[in-house]
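Colleague: Have a look at this one.
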Amino acid sequence: MHIKLLIASIVAMAACATGASAADLGANGGPYKDDTVGYTGAPSNWTGFRAMAGLGLNVFSGDASDRGVIGNIDLGYSYQFPNSPMVVAAYGEANYGDVEKKVGFGGGLELGATFGNAKPYALLGYEHINDVDGIAYGGGVDFMLSHRWVAGVQWRRVEWDVPGDLAEDRVTTRVGYKF
């Protein structure tokens, strides 16, 4: 059920992004220019390496209900397609939660689209902690604060591969630097 929702979200986001890029074109097919505000084309370029740090809340559900604080660091690379709002990113991360009291590792892909300085995205990834694997999916929105600084919020659900039923929902606020 959750995978179907993730796929539908990615398709909807891609459809919306295509329309947004057409709206940015001027009468001659070039970037839209409004002299009153000084905006020309896309205000942000998301291409480059990044380092992000986050802090948030994780809530376990299923056979083990618990909640706590989680922190994470991720390193990744984002690529914004030329003349397009579409952005794809690959990342690796380390996280520590006060419930597990262990360092976990993971990685994954993000697919997003830019709308001005905002980049909503969907994610699909892998997590590993205490010899247990999980599939992660979710989404978020990042905001380009300057050409280098980024801030955002992310929701992620991890379906852990354990006997019984165990899932983890995380909501984190993040800040990062784009190299």
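Colleague: Answer yes or no: is there a residue in segment 90-98 that is at pLDDT 95 or above, of a type in the set (F, W, Y) and within 22 Å of G68 (Cβ to Cβ).
Modeller: The answer is no, given that none of the residues of segment 90-98 is at pLDDT 95 or above, of a type in the set (F, W, Y) and within 22 Å of G68 (Cβ to Cβ).
Colleague: Out of E100, E127, I need the residue that is over 12 Å from the mean Cα position of the chain (by Cα), assigned to a loop (DSSP other than H, G, I, E, B) and within 14 Å of R170 (Cα to Cα). Which one?
Modeller: E100 is the lone residue from the list that is over 12 Å from the mean Cα position of the chain (by Cα), assigned to a loop (DSSP other than H, G, I, E, B) and within 14 Å of R170 (Cα to Cα).
Colleague: Ok, one more. Any chance you could count how many residues in segment 139-158 are touching a residue at least 40 places away in the same chain (Cβ under 8 Å) and either among the basic types (K, R) or within 16 Å of G107 (Cβ to Cβ) (or both)?
Modeller: Residues flagged as touching a residue at least 40 places away in the same chain (Cβ under 8 Å) and either among the basic types (K, R) or within 16 Å of G107 (Cβ to Cβ) (or both) within segment 139-158 amount to 2.
Colleague: In the set V103, V162, which member is over 22 Å from Y77 (Cβ atoms) and exposed (fewer than 14 other Cβ atoms within 10 Å of the Cβ)?
Modeller: Going through V103, V162 in turn, the sole match is V103.
Colleague: For segment 73-97: of the residues being of a type in the set (F, W, Y) and either in a strand (DSSP E or B) or surrounded by 15 or more Cβ atoms within 10 Å (Cβ to Cβ) (or both), which is farthest from the chain's Cα centre (by Cα)?
Modeller: That would be Y96.
Colleague: Moving to a separate point now. Residues in segment 100-112: is at least one more than 16 Å from W155 (Cα to Cα), of a type outside the set (S, T, Y) and touching a Lys or Arg at 6+ places or on another chain (Cβ under 8 Å)?
Modeller: Checked against the condition, which is being more than 16 Å from W155 (Cα to Cα), of a type outside the set (S, T, Y) and touching a Lys or Arg at 6+ places or on another chain (Cβ under 8 Å), segment 100-112 yields no hits at all.
The values are calculated or read from the model by the stated rules, or taken from the named source; none is laboratory data. None of the values given here were measured: they were computed from a predicted structure. Note that we place each Cβ from the backbone using ideal geometry, even for glycine, and neighbour counts take in every protein chain shown.
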